1. If you add up the charges near B:Val193, with Lys and Arg at +1 and Asp and Glu at -1, over every other residue whose beta carbon is less than 15 angstrom from its beta carbon, what do you get?
2. In degrees from 0 to 90, rounded to the nearest 10, what is the angle of the helix A:133-145 Cα long axis to the longest principal axis of chain A?
3. Normalise the Debye intensity by I(0) for region A:103-222, one equal point scatterer per Cα, no solvent, then take log10 at q = 0.11 Å⁻¹ and round to two decimals.
4. Quick one: net charge around A:Trp67, please, counting Lys, Arg +1 and Asp, Glu -1 for every other residue with C-beta under 12 Å from its C-beta.
5. Per residue, what volume in Å³ does the Cα convex hull of region B:96-237 take up?
6. With just the Cα atoms defining each centre, how far is region A:226-242 from region B:105-179? Give it in Å.
7. State the percent of C-alpha pairs, over all pairs in region B:26-74, separated by a distance greater than 12 angstrom.
8. Ratio to report: Rg/Rh of chain A, with Cα atoms as the point set and Rh obtained by the Kirkwood method; give two decimals.
Amino acid sequence: MTTVELSNVSRWYGNVVAVNDITMTLGPGVTGLLGPNGAGKTTLLHMMAGFLPPSRGEVRVAGAPAWRNPSVYRILGLVSEREAVHGFLTAWEFVLANAKLHRLPNPEAAARRALGLVEMTGAQDRRIDQYSKGMRQRTRVAAALVHDPEVLVLDEPFNGMDPRQRLQMMDLLHQLGDAGRTILFSSHILEEVEQVSGTVQVIVAGRLAASGDYRSIRRMMTHRPHVFSVHSSDDRRLAVALMGQASVTGVELSGAGLTVQAGDYGTFTRTLPKVALAEGIRVRRVLPSDESLESVFSYLVAS
Amino acid sequence: MNPTIAWITARGLFGRRRFLLLFPLPVLVIGLVALGRASGVSNSDWGPAVLVGLGVAVMLPIVALVVGAGVLGSEIEDGTAVHILTKPLPRREIILAKLVVAAAITVVSTAVPMFVAGALTDSVRLGAGLAAGTALGAVTYSALFLLLSLLSRRPVLLGLAYIMIWEGLLTNLLSGTRVLSVQQYTISVADSVAHTSMLTGRVSVPLAVVMAAILTVASTVLAIDRLRSFTLTGETS
């Protein structure tokens with residue numbers, strides 16, 4: 001069983017702390033590293049992939065330090081965020097070169113298998129710079145998978161993919177996770193993480209804010225109070241009616257309309273139209289006022 | 001030497017537009033020599049200026065800089081270096097492959113035109129001398145500029161500063177700096193082979209060869225160590 005262990009890892013750049021005292025162990029299966037932009041996800045991934053020394057603490061892949069140790073790449077694959085590929089090569093040439101660089105006993109077979117996994121076999125003989133963003137991304141994943149690594153680290157792998165490619169990539173990560181590989185991918189989009197991974201590590205401002213099963217984190221995120229600003233044909237009457245609803249925890253009436261606090265996002269958004277319809281009130285505007293990811297994360301950190 | 005890395009490097013180099021920068025200077029050197037011959041003026045009047053002033057002092061280092069700083073530098077710049085670095089290869093193997101490609105391309109694209117230019121100016125012997133000196137200089141410059149691409153994100157700028165300020169200016173003013181001038185090694189070796197008044201070697205040949213070897217090896221060793229500690233930065237930083 002191959003694990004990635006971080007113990008009390010910190011990384012700072014000058015006075016700026018990018019990663020602050022993070023301890024985590026990643027085991028087989030898919031783990032999502034979730035956090036807003038600038039939270040330190042990439043810094044953390046680079047330390048795991050041996051491209052950055054921790055300022056303090058230890059990063060170990062299968063028991064060996066990742067920094068200044070190229071032999072970790074025998075068991076680790078990295079798909080970096082920067083979408084850089086040798087555009088003058090075809091996908092086949094590129095993945096085959098990667099297989100040869102790994103000194104695999106049968107590089108052709110390995111390249112064929114990897115390209116098959118990402119469903120790029122049909123387009124493999126075209127130059128990479130003629131590919132769409134999604135195809136290029138899949139080619140890079142094939143290159144990172146060519147040696148069938150125990151650990152695969154992906155930095156924002158779904159960026160620039162269309163929904164179909166996204167699903168396909170999610171499927172692939174699932175398969176690899178189910179096969180006992182340790183897969184870690186980063187994302188700033190909750191829904192992506194939810195669909196792929198069983199385990200989630202949430203980092204906010206360089207700190208590990210939450211960690212564990214995605215359902216419990218999802219519950220923490222959805223069961224927090226939500227604030228909506230509502231504007232209708234009769235705000236006062238709507239306020240009275242809404243106060244009678246279990247999903248509403250508070251209503252504030254002001255000149256600009258209503259500010260409604262709801263305990264449960266889903267129930268409230270279903271209740272509001274029913275109440276308005278029953279009262280004969282026309283709802284002109286409903287705005288969730290704290291839906292930015294940052295507010296979700298800051299709520300998580302506070303709880 | 002890793003053939004796969006060498007292959008990707010060569011393809012990358014020939015695939016980039018920067019590659020076209022290799023042609024104008026050698027063509028200019030040969031063109032000026034042809035012009036000098038056609039003019040009927042004695043070759044001692046224009047030979048040194050074209051062969052040394054332009055060929056050895058400008059063409060050789062510039063071509064070496066474009067290639068040497070490009071073999072790894074351009075991959076670091078565009079991020080494709082990651083694919084080569086995420087392999088369980090000793091970093092020595094990566095640097096040596098890069099160096100061999102850089103040196104080979106630089107030697108071919110500078111020593112050959114220098115041979116032609118020397119032969120047209122005076123004799124095959126002068127051509128051979130220039131080719132030998134240029135080959136030595138090409139290898140040394142390649143190692144130096146490859147290292148530079150790992151020390152700085154602006155290797156071309158630093159390389160130009162070295163060529164123009166150190167070799168172009170200081171070695172002419174302060175004789176002590178000649179010991180650390182690849183240009184002087186090139187001229188001395190060329191002179192020792194060609195034995196001609198066109199070239200004036202200012203450092204002894206053994207010193208030139210030994211210093212070139214030391215610079216090449218030291219640069220390579222340092223480059224290998226720098227590559228071991230190669231860090232990636234995120235897009236935001």
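Nothing in this text is a laboratory measurement; each read-out follows from the coordinates by a stated rule. Fair warning: this is a prediction, and the values are worked out from it, not measured in the lab. Cβ coordinates were reconstructed from backbone atoms using ideal geometry, including for glycine residues, and neighbour counts include every protein chain displayed.
1. Charge balance near B:Val193 sits at -1.
2. Roughly 50 degrees between the two axes.
3. Taking Cα atoms of region A:103-222 as identical point scatterers yields -0.42.
4. Its environment carries a net charge of +3.
5. Convex hull of Cα atoms, per residue: 122 Å³.
6. Answer, in whole Å: 79.
7. The answer is 64 percent, as a whole percent.
8. Reported Rg/Rh, Kirkwood definition of Rh: 1.09.
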